[in-house]
């Protein structure tokens, strides 16, 4: 009989705990807690606008850099060396002739 008594006591305590939890849940449900996300939305919108401005600025800088690179005159080193050697040879030949 003692086992049956222990089980019934345990069952009664579990039922009372369950009833307390249900009562707490009912109180919480009656409070109708509202979630206000307007601050978060405005912060996200501001961050989005900042990112759009930064991206537009970056695009403009990349476009400007691309244009400058197209206009840049870059010669290979061997061409510059050949040019310098030819100038030196011309000067030497001019002086001795």
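Taken together, the values in this text are just the output of simple stated rules run on the coordinates, not laboratory data. Predicted model only: the values in this text are computed from it and were never measured. Methodologically, a virtual Cβ is constructed for each residue, glycine included, from the backbone with ideal geometry; neighbour enumeration extends over all protein chains shown.
Can you tell me how the range 1-58 classifies by the Cα gyration tensor, rounded, prolate or oblate, using a/c under 1.5 as the rounded cut?
Because a/c hits 1.5 or more and a/b fails to exceed b/c, the range 1-58 counts as oblate.
Against the longest alpha carbon principal axis of the chain, how many degrees, from 0 to 90 and to the nearest 10, is the axis of helix 2-31 turned?
The answer is roughly 60 degrees.
So what's the back-of-envelope 222 nm ellipticity for the chain, counting only DSSP H runs of four-plus at -39500 (n - 2.57) apiece and dividing by all residues, rounded to 500?
Calculated at 222 nm, the ellipticity per residue is -31000 deg cm²/dmol.
Mean 1/r over all different Cα pairs, inverted: what Kirkwood radius does the chain give, in Å?
23.3
Measure off 7 Å from each Cα along the Cα-to-Cβ vector at residue 41 and residue 73, then give the distance between these two points in nanometres to one decimal.
Each label point lies 7 Å from its Cα, and together they span 6.0 nm.
Would you mind checking the tilt of helix 77-96 against the longest principal axis of the Cα atoms of the chain, expressed as 0 to 90 degrees and rounded to 10?
20
Separation between the residue 85 and residue 55 pseudo-spin-labels, each 7 Å from Cα along Cα→Cβ, expressed in nm?
5.3
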